[in-house]
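J.: The structure that follows is given in the form of structure tokens.
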Amino acid sequence: MANSGIKFGIVVFPGSNCDADSHHVVTRVLGCPAEYLWHKETSLKNSDVVILPGGFSYGDYLRCGAIAKFSPIMTEVRNFARRGGRVIGICNGFQVLVETGLLPGTLIKNRDLKFICDWVDLRLENTRTLFTGKGKKGATYRMPIAHGEGNYFIDPDGLKRLEDGGQVVFRYADSSGRVTEEANPNGSLGNIAGICNEKGNILGMMPHPERASETLLGSEDGRFIFESLIG
């Protein structure tokens, strides 16, 4: 794919382990420029899109993402996001986004209290975000998960606001797109696998689209998220 001119900034916390995966997809698969943003930096280096990657930032001490939110770079990420900048948090990055308050709700321990590393099917609920425009509403996409605290929870009023506002972007489903209890790997409320903010410029999701962007890795289903960002 030709270089779109969109520049990605990939935040690196101590304990991040999916930063290189994200960098590979952005630069080698999509042909876009990208730069690593160390957690102590105070500049996003003219990034058009910021990725908060998966991993175990600061060893997941206290709570997942609880320490990362105090990193100097996160002040810039918050300001960028509130100005309408595009931010995607994947797995641990999603946990960081809810800890910072950029997305509502919280992520708690998986229902069975076990770390889950597996492939799941997701139903796309909203194609009106900056991240999902190239997807098909109601279609299923296969991506991997790898988390111990991916169980999304929010109070009833918060859930109603998410549902009414179309902020639920992905739900865990079976291969035919049916949202069932059996398809829910971690106990997430409403089978929620990913949400966005009201403006649709911030996305948090537990599954890993960067690990499902090449046939060699078993699926290209996650690539449309990055393609949607570059137009």
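J.: Would you mind pulling out the separation of the Cα centroids of segment 29-73 and segment 208-231, in Å?
T.: If we compute the Cα centre of each part, the gap is 20 Å.
J.: Hey, another quick one. Based on alpha-carbon centroids, what's the gap between segment 130-159 and segment 75-123 in Å, whole number please?
T.: 10 Å
J.: Shifting gears a bit: Could you grab the Rg to Rh ratio for segment 8-230? Cα atoms only, Kirkwood for Rh.
T.: On the Cα set of segment 8-230, Rg over Rh gives 0.93.
J.: Then there's this: When ranked by the protection proxy of mean other Cβ atoms within 10 Å per residue, highest first, what sequence do the peptides 50-61, 23-34 form?
T.: 50-61, 23-34
J.: Filter 69/199; 69/114; 45/137; 114/134; 40/69; 45/69 down to the pairs with a C-alpha to C-alpha distance above 23 Å, please.
T.: Among 69/199; 69/114; 45/137; 114/134; 40/69; 45/69, the Cα-Cα distance tops 23 Å for 69/114; 45/137; 114/134.
J.: Something else about it: Report the far tail of the P(r) of segment 42-126, meaning the percent of Cα-Cα pairs longer than 21 Å.
T.: More than 21 Å apart: 33 percent of the Cα pairs in segment 42-126.
A short reminder: the numbers here are calculations on the coordinates, not readings from a lab. Just so it is clear, the structure is predicted and the values come from calculations on it, not from any experiment. Every residue, glycine as well, gets a Cβ built from its backbone with ideal geometry; the counts of neighbours run over all protein chains shown.
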